[in-house]
1. Every residue in the stretch 137-158 that is among the acidic types (Asp, Glu) and not in a strand (DSSP E or B), please.
2. Does the stretch 61-97 hold any residues that are free of Cβ contacts under 8 Å to residues at least 40 places away in the same chain and over 24 Å from Asp109 (Cβ atoms), and which are they?
3. For the list (1) closer than 29 Å to Ser17 by Cα; (2) assigned to a strand (DSSP E or B), I need the number of the one condition that Asp106 fails.
4. Residues that are over 16 Å from Lys142 (Cα atoms): which strands (runs of 3 or more DSSP E) entirely in the stretch 19-71 hold 2 or more of them?
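Derivation of every value follows stated rules applied to the coordinates shown; laboratory data play no part. Note that the structure is a prediction, hence the values are computed from the model and not measured. Don't worry about glycine lacking a Cβ; one is built from the backbone with ideal geometry, like all the others, and counts go over all protein chains shown.
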Amino acid sequence: MSDHEDLEWEPPTVDTSTTYPRQCGDLEKGGFVMLEGRPCKIVKITIAKAGKHGSAKVDLVGTDLFTGKTIEVVSASNMNMDCPKVTRTEYQLIDVTNGFLNLMDDNGDTRDDIKLPDGDLGKEISTCIGDEDYDYLVCVLKACGEEMAISLKKMAKE
């Protein structure tokens with residue numbers, strides 16, 4: 001029996017299939033990065049010069065994509081950080097039922113698992129239901145297994 005057989009393995013805290021590594025010094029404002037385990041959009045990035053005892057430090061300020069919470073992290077510029085794979089998909093709005101959006105994709109497949117957003121966007125989506133003059137497209141943002149409606153677009157009927 002080897003010395004390594006009794007060691008316990010712990011899975012990574014971030015799902016690696018939904019993220020990719022990137023060196024901290026290569027990140028840019030407007031990009032996406034995982035901060036404190038949450039997918040965030042970088043709103044401010046400051047790179048300090050390298051000191052006599054190490055590499056340059058990067059001060060990252062990001063906004064959580066789904067909660068809007070601001071998160072700040074300081075890291076060495078040569079460290080790898082996880083970046084979320086972020087996708088935006090537009091769906092045609094069909095209806096709103098029990099606080100969930102009924103949406104249809106380009107292939108005609110429907111889904112009803114996206115929650116009606118809170119605030120002004122949710123109110124705007126709710127008022128569109130029953131409008132016979134226009135079709136409405138809902139943009140859904142997806143990152144790290146979470147999805148959320150982020151915008152609404154009015155389209156003339158064909």
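1. Going residue by residue through the stretch 137-158, those that are among the acidic types (Asp, Glu) are 146-147, 158.
Passing the criteria: only Glu158.
2. Pass one, the stretch 61-97, residues free of Cβ contacts under 8 Å to residues at least 40 places away in the same chain: 61-64, 67-74, 94-97.
Listed by number, the residues that qualify are Val61, Gly62, Thr63, Asp64, Thr67, Gly68, Lys69, Thr70, Ile71, Glu72, Val73, Val74.
3. Against the list (1) closer than 29 Å to Ser17 by Cα; (2) assigned to a strand (DSSP E or B), Asp106 comes up short only on (2).
4. Details: elements: 19-23, 32-35, 38-47, 57-64.
Per the criteria, 19-23, 38-47, 57-64.
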